[in-house]
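Notes for the one structure printed next.
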Amino acid sequence: MQPEEIKAMIESSLDTEEVKVQGDGSHFELYIVSKQFEGLSTLKKQQLVYGVLNEKIADGSIHAVQMKTLTPQEKSQH
């Protein structure tokens, strides 16, 4: 699976301001900024993203994912 494919999946499923995907084969690093994350714990943010990727994780296309999930406000503080 290519990073561009994962980026497209996330962008089509979540209301994102910024998405970066790095990786190769089945190991990926995600950086996602979304208003949908407002008011959510880190775990809930990640569960939202895993919901988008679950089919590809289940079929083995994606093996490992590391992610940084931020709200626009959290991004502006970094």
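A few points about this structure:
- Derived scalar couplings ³J(HN,Hα) [region 71-76; Karplus, 6.51 cos²θ - 1.76 cosθ + 1.60; whole Hz; x for Gly, Pro]: 7, x, 5, 4, 4, 5
- Between helix 42-58 and the chain: long-axis angle, C-alpha atoms, 0 to 90°, nearest 10: 20 degrees
- Pairwise centroid distance, computed over Cα atoms, of region 1-17 with region 59-78, Å: 11 Å
- Residue-averaged [θ]222 nm for the chain, counting only DSSP H segments that reach four residues, each worth -39500 (n - 2.57): -13000 deg cm²/dmol
- The GluC sites (Glu not before Pro) of the chain that DSSP puts in a loop, and whose beta carbon has at most 13 other beta carbons within 10 Å, are 38.
- Angle in degrees between helix 3-13 and the longest Cα principal axis of the chain, rounded to the nearest 10: 50 degrees
Quick note: the coordinates plus some simple rules give every number you see, no bench work behind them. As the structure is a computational prediction, the values presented were derived from the model and not from experiment. All Cβ positions, glycine included, derive from the backbone under ideal geometry; neighbour counts span all protein chains shown.
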